[in-house]
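K.L.:
Below you'll find the structure I mean.
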Amino acid sequence: MDATNQPASIFAKPNQPRTPSLLFDLDGTLVDSVYEHVTSWRDALAAAGIRVPTWKIHRSIGMSGKLFLPALLREHGRKTTSRQIEALEKKRAALFTKKISGIAVLPGAKDIIKVLHRIRTPWALATSGDRNQVSKLTRGLAISREVPVITGDDIATAKPAPDAFVLAAEKLGASPEDCIVVGDSPWDHLAARRMKAMSVGVLSGGYSESELLHSGASRVYEDPGDLLMHLEELGIQTR
């Protein structure tokens, strides 16, 4: 599945106008895994004797644990060390891995991938998850080997830093202004703004339409299936 070194020329359309390149987030955007992340963080924190309201954890999903944990725990009067955060992340990863077999792809996710392949629109996957986790989560998506898959193992800083999306664009040979980021969380859209790319949101991660628009999304759709029905709004011809 790891095709980050594949050439971008496979997507080329001779003598055709430039088509936007799509950069997809994974959790909450193509697979229905957001709440498994929430409960895994909740249980990892509880195992360490830390009680945090579940809704507050959800507000941070989409960010790296290294970024959101210090602020979240500071609100509850706790200081953390890098070693403690690393231990919490390992515990969370172990808990989440046990849930992966029950995680389904979101409505329309496989369909939009098939259509993008058929019309040869360049796209890539960019997520903060580790490569082993991502490999398991994407098994039901049938992603072609020609599609770049960027994971947290490939970048120095996770979202809301734009590193993952920037690298994904580079692998496609596309400039940021020719890319459209697709994501379910405000952090995806903040990252897109930092790399000066357009972005569109999906509601399948549990954030509201107003939150996604406020963070920079140009359009908001229900899920990948709804986005597929409106690809023309992004300047992508499906026929």
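K.L.:
So in the chain, what percent of DSSP beta bridges are antiparallel if you round to the nearest 5?
P.N.:
5 percent
K.L.:
To the nearest 20 debye, what is the magnitude of the charge dipole of segment 48-147 about its Cα centre, counting +1 on the Cβ of each Lys and Arg and -1 on the Cβ of each Asp and Glu?
P.N.:
That gives segment 48-147 a dipole magnitude of about 220 debye.
K.L.:
Once the dipole of segment 63-209 is set up with Lys and Arg at +1 and Asp and Glu at -1 on Cβ about the Cα centre, which of 165, 205, 93 lies farthest towards its positive end?
P.N.:
The residue sitting most towards the positive pole is 93.
K.L.:
Where the centre of each part is set by its Cα atoms, how far does segment 93-129 sit from segment 203-224, in angstrom?
P.N.:
Between the Cα centre of segment 93-129 and that of segment 203-224, the gap is 18 Å.
K.L.:
For the chain, with only Lys/Arg (+1) and Asp/Glu (-1) charged at the beta-carbon, what is the dipole magnitude about the Cα centre, in debye rounded to 20?
P.N.:
660 debye
K.L.:
Hey, another quick one. Can you classify segment 127-172 as rounded, prolate or oblate using the Cα gyration tensor, where a ≥ b ≥ c are the square roots of its eigenvalues, rounded means a/c under 1.5, and otherwise it's prolate if a/b beats b/c and oblate if not? Don't skip to the answer; put the middle values down first.
P.N.:
Numbers: a/c = 2.55, a/b = 1.37, b/c = 1.86.
In terms of gyration-tensor shape, oblate.
K.L.:
Evaluate E = 1/(1 + (r/R0)^6) for residue 118 and residue 76, where r is the Cβ-Cβ distance and R0 equals 41 Å; express this FRET efficiency to the nearest 0.05.
P.N.:
0.25
K.L.:
If you don't mind, another one. Just order 190-199, 78-87 by mean Cβ neighbour count inside 10 Å, highest at the front, would you?
P.N.:
190-199, 78-87
K.L.:
Quick one: compute the contact order of the chain, relative version, from alpha carbon pairs under 8 angstrom and 6+ residues apart, as a percent.
P.N.:
28 percent
K.L.:
Can you work out the FRET efficiency for the pair residue 218 and residue 157, with r the C-beta to C-beta distance and R0 = 25 Å, to the nearest 0.05?
P.N.:
Calculated transfer efficiency: 0.55.
K.L.:
Keeping all protein chains in the complex and leaving out DNA, RNA and ligands, what accessible area do you get for residue 209 with a 1.4 Å probe, in Å² to the nearest 10?
P.N.:
Approximately 100 Å² for this residue.
K.L.:
So what's the back-of-envelope 222 nm ellipticity for the chain, counting only DSSP H runs of four-plus at -39500 (n - 2.57) apiece and dividing by all residues, rounded to 500? Walk me through the intermediate numbers first.
P.N.:
On the way: 10 runs with 95 residues, N = 239.
-11500 deg cm²/dmol, from helical runs alone.
K.L.:
On full extension of the chain, what length is gained from residue 229 through residue 130, given 0.36 nm per residue of separation minus the C-alpha to C-alpha distance?
P.N.:
32.6 nm
K.L.:
Quick one: compute the contact order of segment 26-98, relative version, from alpha carbon pairs under 8 angstrom and 6+ residues apart, as a percent.
P.N.:
36 percent
K.L.:
Now for a different question. Compute the Cα gyration tensor for segment 82-219, then decide on rounded, prolate or oblate, letting a ≥ b ≥ c be the square roots of its eigenvalues: rounded whenever a/c is under 1.5, prolate when a/b is larger than b/c in the other cases, and oblate in all that remain.
P.N.:
Because its axes are fairly even, with a/c under 1.5, segment 82-219 counts as rounded.
K.L.:
Let me ask something else. If I stretch the segment between residue 48 and residue 98 completely, what's the gain in nm (0.36 nm per residue apart, minus their alpha carbon distance), one decimal?
P.N.:
Here the segment from residue 48 to residue 98 would lengthen by 16.1 nm.
K.L.:
Ok, one more. Amide H to amide H, which residues 5 or more places from residue 31 or on other chains are under 5 Å from it, using H placed in the peptide plane?
P.N.:
Excluding prolines and chain starts, which carry no amide H, the hits are 106.
K.L.:
Can you run the Rg to Rh ratio on the chain? Use alpha carbon positions and the Kirkwood inverse-distance Rh.
P.N.:
My calculation puts Rg/Rh at 0.97.
K.L.:
Which whole-Hz couplings ³J(HN,Hα) result when phi for each residue of segment 146-158 is put into the Karplus expression 6.51 cos²θ - 1.76 cosθ + 1.60, θ = phi - 60°, listed in order with x for Gly and Pro?
P.N.:
For segment 146-158, the Karplus-derived couplings read 7, 8, x, 10, 9, 10, x, 6, 9, 10, 7, 10, 7 Hz, x marking Gly and Pro.
K.L.:
When the Karplus curve 6.51 cos²θ - 1.76 cosθ + 1.60 is applied with θ = phi - 60°, which whole-Hz ³J(HN,Hα) does each residue of segment 170-176 get, with x for Gly and Pro?
P.N.:
Karplus-based 3J(HN,Hα) across segment 170-176 equals 4, 5, 8, x, 10, 7, x Hz.
The values are calculated or read from the model by the stated rules, or taken from the named source; none is laboratory data. All of these numbers come straight from a predicted model, not from anything done at the bench. Glycine also receives a Cβ, built like all others from the backbone with ideal geometry; neighbour counts cover every protein chain displayed. Note: areas computed on protein heavy atoms with side chains; ligands, DNA, RNA excluded. Shrake-Rupley method; radii C 1.70, N 1.55, O 1.52, S 1.80 Å.
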